[in-house]
Amino acid sequence: MAKKQTAAPVEAAAPEKPAAPPAEGAAPAPKKTREAKPKEAKEKGSPAGPAGEAPTAPLAAAPAPAPAGGGAPPAGEKKVKKRPGVTPRRGKKLRNQLKNLQQKIAKESPAPLKRAIALLKQSKRAKFDETVEVHMWLGIDTTQSDQMIRGSVPLPHGLGKVKRVVVFCQGDNVAKAKEAGADYAGGDDLIDKVQKEGWLDFDVALATQDMMGKVSRLGKILGPRGLMPTPKAGTVITAGGDVAGAVREQKAGKVEYRADKGGNVHAGVGKLSFEDDKLADNVNTFVEAVRAAKPTGVKGNYVRSITLSATMTPGIPLAM
């Protein structure tokens, strides 16, 4: 019995049979599981990795450079928006050109009218036919109602553009207006078209005095757009007035002007492609019309300065 008791513990403590050795070239199982984790981390682009190794995923995800020539940005990138009210930076060549032009104008200003027109044509940069504008600074007090300047003047050589004219009239005046060149003429039918359909396919609106009671209903539609007929602007034809003559004046190029809060009057007087003499006649006609509209309550200098400019050119002070 003693022999059996001593033999049992010896058999229990005997070591197990060793496992078969791994195949040649195969890594042990524990090492394989340990190495798999960093590999997966590198594939997912995780910054964690073995010391001394640079992560490769961020380099692969770097954004591609923008294509030359201003093409569309690559996918996933936001296009840089332009800030409103901030003009793009001018090139060095254009900056120097404008600087030289302004120096030349400063030396010769204030210039006579014919010389100013010549300088204006030399400073043309735009590809389109620019509009020539006159800007007058008047010595008026706009807070006083009797010193407000407003009116219209027909230019001898027109504005260089075609105006679409509508005439609100009735009876025989409809035929007279259409014969004189009005694009549209009529009474209640045109008023309903503007009021109900919002039709505004015209540049100038004329109305006979007997139609103003009905046309006044269109004040909320035509007023904000500057199309409402008014006696001060010369777009209301008085009783017995010449309807055909009013239409011809508008078609030929009748300019409306009105002083702003700073006492300035602005108006277009033609195109830059006009001959010098025609532009000079239009400018003189407009300036004399504004001078003739001088209010009686104005003291001191009435016309303080006159400047001539085009759509995209510097202003040239005039000596008139």
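Read-outs: derived from the displayed coordinates by stated rules, not from any lab. What you see is a predicted model, and the numbers here were worked out from it, not measured in a lab. Don't worry about glycine lacking a Cβ; one is built from the backbone with ideal geometry, like all the others, and counts go over all protein chains shown.
One table, with the values for the structure above:
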| read-out | value |
| --- | --- |
| Value of relative contact order over segment 185-301, rounded to a whole percent, pairs C-alpha under 8 Å and six or more apart | 16 percent |
| 17 Å cut-off, amide nitrogen to a point 7 angstrom out along M312 Cα→Cβ, residues in segment 268-301 | 271-273 |
| Mean separation of Cα contacts under 8 Å (6+ apart) over length of segment 162-251, as relative contact order % | 37 percent |
| Whole-angstrom Cα spans of segment 73-189 along principal axes, big to small | 64, 55, 36 |
| Whole-Hz ³J(HN,Hα) from phi, Karplus 6.51 cos²θ - 1.76 cosθ + 1.60, for segment 129-137, glycine and proline x | 7, 6, 8, 8, 10, 10, 10, 10, 9 |
| Sorted peptide list for 203-211, 159-167, 217-225, criterion being average Cβ within 10 angstrom, highest first | 203-211, 159-167, 217-225 |
| Cβ-based net charge around Q102, under 12 Å, with every Lys or Arg adding one and every Asp or Glu removing one | +3 |
| Positive minus negative residues near L138 (Lys, Arg vs Asp, Glu; Cβ under 9 Å) | +2 |
| Whole-number D in µm²/s for segment 162-251 (Stokes-Einstein; Kirkwood sum over Cα pairs; 20 °C, 1.002 mPa s) | 169 µm²/s |
| Proximal charge balance of D129 [Cβ under 10 Å; K/R count +1, D/E count -1] | +3 |
| Residue order, fewest to most surrounding Cβ atoms within 10 angstrom, among H266, H157 | H266, H157 |
| Flagged links, alpha-carbon separation over 26 Å, of K161/K232; K92/K127; K214/K271; K193/K271 | K214/K271; K193/K271 |
